[in-house]
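The values are calculated or read from the model by the stated rules, or taken from the named source; none is laboratory data. Not measured: the values here are computed from a predicted model. Every residue, glycine among them, receives a Cβ derived from its backbone with ideal geometry; neighbour counts consider all protein chains shown. Protein only, heavy atoms only, side chains kept; ligands, DNA and RNA dropped before computing areas. Shrake-Rupley method; radii C 1.70, N 1.55, O 1.52, S 1.80 Å.
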Amino acid sequence: MLKNEYEILKGADKVVLAYSGGLDTSVMVTWLKENGANDVICVSVDLGQVKDPAALEKKAIASGASKFYNINVEEEFIDDYAFKTLKMGAKYESAYLLGTAIARPLISKVLVDVAKKEGANLIVHGCTGKGNDQIRFEVSIKSLAPEIDVLAPWRFWDIKGRSEEESYALEHGIPLAVKKEEDYSMDENIWHLSHEGLELEDPQNPADLSKVLDWVIAPEKAPDEAEIVEIEFDKGIPVGLNGEKLSGASLVKKLNKIAGAHGIGIDDIVESRVVGMKSRGVYENPASSVLYFAIEKLKTTTMHPDALQYQQKMALDYANLVYEGKWMTPLKEAMDAFNDIACANVTGSVKIKLYKGQLYPAGIFATNSLYLEDYATFEEDAVYNQSDATGFINLFGLSTKIYSQAIKKEN
C-alpha cells in the first residue's frame, strides 16, 4: 500500500527544502516542522538572483531550519544549460526563451547533491499543483535519485490560497516583505526575469511597463542614440563581448545592462502550460534576446543548409522537451550531440545595433563563411556556369512534370 503525503513526511528524518525566502517557502519551513519533520535543511540555489545570502540564512534559521545552504551555480547554469538552448535556437512555442525551464534541472541537481551529503530521504518544493515547475523538479529528481521521495505541500496541505498563507505567517511570526497590491509572482536568474499575476492574468490588459519592468527600460524612454555591440562565438557558444573575452555568466550580466538600457528584451507571452491551461507572463530577456538574434545571423553564413534547416525543426521539439522538464533524458542528450556537430562551424562575431527596443544586424564576420561573393555576385564571375541550371531544373522538376501529364491525361 502506498503511503500518503503525511506518512512520508513523518517518516522523514531530514528534509531538504528548495528555499527562496519568498512567501511559500518561508511558510513551509515552519509548517514542515509542525507536521513531523525533524530537521529542515534549506537550500538556496543561486543562479545570480540572490542579493543577500546572509539575510536569507538568518530568515531560514529563524523560521525553524536546522541548516542553510546558499550554493552559487551561475557559471554552470549559463555554460551547461542556457547556452545549450541558445545554441539549438530553442524557443517554446516559437516565443519563450525558457528562462525558468532551464533553471529547474540544475536546481534539482543541487538539491539532490545536498540531500545525499546530508543523508536526507525527502526533498520538498514550493510549487503549486497548477504550474510547470512541479513537473520539472520532480522529473529531474526522479532521474537523478529515484530513491528520494519528493513532496509538494501545495498539493495536499490545508492552506487554500495566498491570503491563508499570509495569515499563517502572521500567526507564527514569520517575517514577510510582501506588498500584496504590488506583488507579481516573479522568477529571476541571470538569464531572465519573469512576472505573472495581478492584472497580467487577463490578456486583454496591456502590461503597465512602468510598473512591471525591473531590468529593462521602456523602449520609448530609451536613449535617442543607438549603440552597437559585437558578440563573438566559438562553435555556437558566446565567448566575447565588444572585443573582450568573458566567462558565460560575466558576458550575460554585462550584456543584460547594456541591452536593458536600450529597451531590449520585453516579451509579453501567453503560453500553454504542461498541465493544460494557458498562462500569461511578461519576461525580461535583454541579454538572451540579443544572443538569440546574433547567433541566428551567424548561423545563416556558417551552417550547412541541410543541418540548419533540420536544426530549425529540431529546435521546436527540443524546446518542448526542456519546457516539460525532460532535460535529463536520452533524446535530449542525443539532440545535444547532433547540435555539437551541426554548429561546429558557427564561429565568428556579429555586430548588432540596439535602438529603442529593436535589434538590427550591423555586420556578420564568420571565420569560415559559406557566403562566397564569387558565387553570389550579380556581376560577371568565373566560377558559376549559368547554363548548368537548365539541366538541373529539368531533372529537379521532372516528377512534377510527369504528375501533371498523368493528371491531364486522366481528365
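Numerical summary
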| item | result |
| --- | --- |
| Those strands (runs of 3 or more DSSP E) lying entirely in region 1-74 with at least 1 residues in contact with a Cys (Cβ under 6 Å, 6 or more places away or on another chain) and over 16 Å from A120 (Cα atoms) | none |
| Any hit, region 134-148, residues being at pLDDT below 95, open to solvent by less than 60 Å² (accessible area, probe 1.4 Å), closer than 28 Å to Y283 by Cβ and out of contact with any Leu (no Cβ under 8 Å at 6 or more places or on another chain) | no |
| So M335, is it open to solvent by less than 40 Å² (accessible area, probe 1.4 Å), at pLDDT 95 or above and of a type in the set (A, V, I, L, M, F, W, C) | yes |
| Selection count where residues are in a loop (DSSP other than H, G, I, E, B) and either within 14 Å of V45 (Cβ to Cβ) or acidic (D, E) (or both), scope region 75-126 | 5 |
| Of all residues making up region 215-246, the number that are farther than 22 Å from K297 by Cα and not acidic (D, E) | 8 |
| Complete set of residues in region 32-49 that are of a type outside the set (V, I, T) and out of contact with any Phe, Trp or Tyr (no Cβ under 6 Å at 6 or more places or on another chain) | L32, K33, E34, N35, G36, A37, N38, D39, D46, G48, Q49 |
| Residue match in region 79-101 (condition: surrounded by fewer than 17 Cβ atoms within 10 Å (Cβ to Cβ), in contact with a strand residue (DSSP E or B) (Cβ under 8 Å, 6 or more places away or on another chain) and without any contact (Cβ under 8 Å) to a residue 24 or more places away in the chain) | no |
| Residue in region 58-70 that is within 20 Å of K253 (Cβ to Cβ) and at pLDDT 95 or above present | yes |
| Residues satisfying the stated conditions in region 248-299, i.e. more than 17 Å from the chain's Cα centre (by Cα) and in a strand (DSSP E or B) | K278 |
| Cβ pairs under 7 Å, 6+ apart, first in region 195-224 and within 17 Å of S279 (Cβ to Cβ), second open to solvent by 90 Å² or more (accessible area, probe 1.4 Å) | H195/M186 |
| Region 26-50, residues that are within 20 Å of E164 (Cβ to Cβ) and either small (G, A, S) or open to solvent by less than 10 Å² (accessible area, probe 1.4 Å) (or both) | S26, V27, M28, V29, L32 |
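Each row is one residue, and each column tells you yes or no for (1) at pLDDT below 95; (2) crowded, with 24+ Cβ neighbours inside 10 Å; (3) on the phi > 0 side of the Ramachandran plot; (4) not acidic (D, E).
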| residue | (1), (2), (3), (4) |
| --- | --- |
| V252 | no, yes, no, yes |
| G265 | no, yes, yes, yes |
| Y292 | no, no, no, yes |
| K297 | no, no, no, yes |
| T301 | no, no, no, yes |
| H304 | no, no, no, yes |
| A319 | no, no, no, yes |
| I341 | no, no, no, yes |
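For every residue, the table says whether it meets (1) closer than 27 Å to G99 by Cβ; (2) open to solvent by 50 Å² or more (accessible area, probe 1.4 Å); (3) among the aliphatic types (A, V, I, L, M).
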position	(1), (2), (3)
G325	yes, no, no
P330	yes, yes, no
N368	no, yes, no
A376	no, no, yes
Q386	no, yes, no
A389	no, no, yes
